[in-house]
Every structure is written in C-alpha cells, then in structure tokens.
Amino acid sequence: MSLYTATCLVVANMVGTGVFTSLGFQVGDGLTPFVILILWLVGGVCAFCGGVAYAELASALPRSGGEYHFLSRIFHPSVGFLAGWVSITAGFAAPVAAGAIAFGNYINGVNPALDAKLLAFAALGFVTVAMLVSARLREWFQNISTSLSFLAILVFLGFGFFAPGHGSSLAPQAGDATQVFSKTFASDLFWVMFAYAGWNASTYVTGEVRNPSRNVPLSMAIGTIIVTVLYLALNAIFLHAAPAAELAGKPEVGLIAGTHVFGVAGGKWMALLIAAGLLSHIGSMQWIGPRVTATMGEDNRILRPLSIVNTAGIPIFATLVQTAIAAFMLYTGTFQSVVIYVQFTITLCSGLVVLGVFVLRVREPNLPRPVRAWGYPVTPAIFLIVNGWMLWHGFATHPRESLAGLGTILSGLVIFFLSPPQKKKENF
C-alpha cells in the first residue's frame, strides 16, 4: 500500500470510536474543560512519543506482526506470543466490538425504534464481508469510510466555532494544576489513549507497505500529528456547544453536540455521518488484526490454520476468528467495560515494546536502523512514564477490568507451551 493508504490506516485506527464517545465520561469525572483539553494534548504527545519508538523498531526489524514480532525478537518468543495473544483476544476484537456498539448507539439515537445491539451486529457483519471480498474493495472501503469520518470532523470544525455556545468556558480555572496531577486525570487517560489507539497501526502491516523503512515511520508521524490537532479542535467544539450536564456519562457526544450546533434535524444527519465514519474504525481493526493473528499462526503449530490465506493474501480464518470474538464481546459486554479492559492490556504491551528500544540499543548497537527514534532517549522515556502512571491509577480505579486484562495475558502462556514453533505457511 502507498504512504497515503498507510496514513489513512493510522488515522482510521485513531479517529472513530474514542473521540466520538469518550468525552462524556471525562466530563462526568468532574474535570474542567481546560483540563480535559490538556488531557487530550497529553494523549497526543504520548502517542507521538510511542510512534517514534515504534518507527525505529519497524525499520530495524521489518516484518508484519507489530508487538508480537518486536517482543519475540527483543525479549523472548513467549513474551511476543503473549502480546500477540492480547492482540487476538483484546487488542483488535475489543475495539471492533466497542466501535460496533458506538455505531449502534448513534443510529439508535437517530431512530430509537431500531435496536442498538442488532445494529452493532449488522455493522460487524457488513465490515467483515467487505474485508473478505477482495483486497481492492478493502482498500476502497477504507479510504472512503475514512474520508467520511474526516468529513464529519470538518463539518463540526467548520460550523462549531460559529455556533452559539451552550457549554462551559474553555479558559483555565483555579485548581486546574491540581487536577492535571490527580488520579482522576491519570485514570481518564485510559479513555483518551483508547481514542489515540492506532498510532502504531502501520507497523502491523509492514510487509504490505511500499518502501516500509520510509513510509511506515512517516505514516505514524503524519497520522498522529493530524489526529492530535483534530482531537483538540473537535473536543473544544463539543465542550463549547453542549452543556456539561448533557454530555456527562453519555457515549453519543457527537449527536448531543451536533443537536446544539445544527438543530435537531442537523444533529441527526451529523450522527449518521459519524456512524458511517465509525465503520472506518471497525474496518481498520478488521484489516490489521487478522494479519497479527496470521503471523502468529506461521510461527506456532497449534495456531497454524490461522495463517492460511487465500490467493488475494487475505487471512480468512483469522478474520473469522476475530469476528467471532468481537461478536461475543458485543453480546456480553458494555461499552465502558470493553474500553477499560482493552486499554489496560494493550498499554502493558506497548510499554514493553517501547522499553525494547532501550534494550536493543544496548544489546545490539550495530543493528542497522534506517530510522532512529526522534528525540531518543527523552521521547520513549516520556511514553513509559505517562503509561506507567496511567496503569497504576487505572488498576486502582478499575480493578475488575484490569484483572480481566491480566488474566487474558496469562492465559496465553498455556497456549504458548502447547504451540511448538514452526515456520510453514500455507496458501489456497
């Protein structure tokens, strides 16, 4: 794929479920509007710092697979397998489920007669079929749906700042500094980093990107900068347009803010546009996730069927397995529990990968690195500090979801010890 498509993939992984759903939970925790914007800025900086670390590893260790490949190479195959296991069970399937739930909530907000859960299952099925039909259709679907997501944001940006404000002031207030260093700020980073999740998307499909040593790092850097600016502007409009009491605890913040900006009818049209954009987020996860699963299948005999691809290079069985897991989460979970669960587990894995940059620099200083992490060692250190702070307070605030994440990781050890390594890949 081209740099443009790789960047679209990064942007599509980030822009979608999180930014159109998570603000209500931050408002509900009592953070002031100014502190909420700082929260989103910190998330963007953290994502960028993680991206530059991943860029170095992607250029030095080029192969599809993301954390699974990096951690297997840097630490031990068992560590990489656990990261891949997280990708199979939580890293991709859970965001797919969360995106589908958000899709259902938005359409249900437009027409309450339609069942939100059935809509979520319909979105999952539709996107899965689009991912399986052909590589060309998959690329077209991703580019078009990403463009719709961008259109929704641009419409909000174009009209939101000129609409009458019904929300709170965005100016700093007394006590903001205390809030920034509070445990509430740290635990709310879970929601923000969920919205930024996907900054490393192109590393999962390195083998499918043209000139990967150049285009993979560029796609992450460009995508993260674009999304950070969009997130800050979009959340400023949401906070400016709608009263905090209406946003608090509600996932469909785009519909609520859109009603204040465009009126009742216009808000519903915006909700439909946002829902169409959410399909982009679901599609990007359905595109990337099965590639990680297929890579694991190449290396582990018990998972070997998941590595089978068709003549178009599409891992059909891996895609169907991810779809089945996402469908199970749709049936059993709530939006909030799914988000906390997935973010805790993937934060652990991404932290280990960034730590691997330091390990590899010391252990293999002469390893060719076409791209080096910008700002090393400061940028990866910032990522590790922020993520460690977030995990500490996140575990204290949401112990049940955090323990479920740890349980998922540890359950992968059983599969690993039952999976003798092998390197054969099959096609049909």
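Among the residues of segment 81-123, those that are under 18 Å from the mean Cα position of the chain (by Cα) and more than 15 Å from Thr17 (Cα to Cα) comprise Ala83, Gly84, Trp85, Val86, Ser87, Ile88, Thr89, Ala90.
Just one residue in the set Ile288, Ile282 is at pLDDT 85 or above and crowded, with 24+ Cβ neighbours inside 10 Å; that residue is Ile282.
Residues in segment 329-343 include none that are in contact with a Pro (Cβ under 8 Å, 6 or more places away or on another chain), over 30 Å from Gln26 (Cβ atoms) and touching a residue at least 40 places away in the same chain (Cβ under 8 Å).
Contact annotation: residue pairs with Cβ atoms under 9 Å, 6 or more positions apart or on different chains, pairing a residue in segment 307-318 that is crowded, with 19+ Cβ neighbours inside 10 Å and among the polar types (S, T, N, Q) with a partner that is assigned to a loop (DSSP other than H, G, I, E, B) and modelled with pLDDT of 80 or more, are Ser307/Pro315. Per this entry, Ala53 is counted among residues that are of a type outside the set (Val, Ile, Thr), out of contact with any Leu (no Cβ under 6 Å at 6 or more places or on another chain) and either assigned to a helix (DSSP H, G or I) or modelled with pLDDT under 85 (or both). Scanning segment 279-315 for residues that are of a type in the set (A, V, I, L, M), assigned to a loop (DSSP other than H, G, I, E, B) and out of contact with any Gly (no Cβ under 9 Å at 6 or more places or on another chain) gives Ala312, Ile314. Within segment 272-331, being aromatic (Phe, Trp, Tyr) and over 27 Å from Phe417 (Cβ atoms) holds for Trp287, Tyr331. Looking at Val261, is it in a helix (DSSP H, G or I) and surrounded by fewer than 17 Cβ atoms within 10 Å (Cβ to Cβ)? Judged against the criteria, Val261 is not a match.
Is segment 361-368 home to any residue that is within 27 Å of Trp40 (Cβ to Cβ), polar (S, T, N, Q) and out of contact with any Cys (no Cβ under 9 Å at 6 or more places or on another chain)? The answer is no; no qualifying residue exists.
Here are Thr323, Thr334, Thr319: which of them is touching a Ser or Thr at 6+ places or on another chain (Cβ under 7 Å) and either among the small types (Gly, Ala, Ser) or farther than 30 Å from Asn211 by Cβ (or both)? Matching residue, one of Thr323, Thr334, Thr319: Thr323. Residues that are touching a Lys or Arg at 6+ places or on another chain (Cβ under 9 Å) and among the charged types (D, E, K, R) within segment 54-102 comprise Glu56, Arg63, Arg73, listed in sequence order.
Per-residue answers, yes or no, for (1) more than 21 Å from the chain's Cα centre (by Cα); (2) within 19 Å of Gly289 (Cβ to Cβ); (3) of a type in the set (Gly, Ala, Ser); (4) not in a loop (DSSP other than H, G, I, E, B):
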| residue | (1), (2), (3), (4) |
| --- | --- |
| Ala318 | no, yes, yes, yes |
| Ala326 | no, yes, yes, yes |
| Ile340 | no, no, no, yes |
| Thr345 | no, yes, no, yes |
| Gly351 | no, no, yes, yes |
| Val354 | no, no, no, yes |
| Phe358 | yes, no, no, yes |
| Ala373 | yes, no, yes, no |
| Pro380 | no, no, no, yes |
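The values are calculated or read from the model by the stated rules, or taken from the named source; none is laboratory data. What you are looking at is a predicted structure, and each value in this text was computed from that prediction instead of being measured. Glycine also receives a Cβ, built like all others from the backbone with ideal geometry; neighbour counts cover every protein chain displayed.
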